[in-house]
Amino acid sequence: MHLPKDTIAYEGVMTKFWRAVTLFLRDREGVTAIEYALIAGLVAVVAFTAMQTLGTNLTSLFNTIANDVKSAPGGTSG
């Protein structure tokens, strides 16, 4: 049986396509990169929240110290 040239070329393209699809589905590096990105995002959210809380606590601490210094005998009044 003799196949036209375009049929043979089509079969070659489909073979390459399915080989590429198979390799893509077996490739685990993309999944690992996504996992690392999700972990980095989570760490960034936790760090941001922790720094925000720490900043609020430090502001409160410094305000308390400033008020104590002002109200201490011989402290500044303004």
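The values are calculated or read from the model by the stated rules, or taken from the named source; none is laboratory data. Keep in mind that this is a model prediction, so the values were computed, not measured. Note: ideal-geometry Cβ built from the backbone for every residue, glycine included; neighbour counts use all protein chains shown.
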Screening VAL21, VAL43 for residues that are at pLDDT below 80 and surrounded by 10 or more Cβ atoms within 10 Å (Cβ to Cβ) leaves only VAL21
Just checking, does the range 5-16 include any residue being assigned to a helix (DSSP H, G or I) and at pLDDT 80 or above? yes
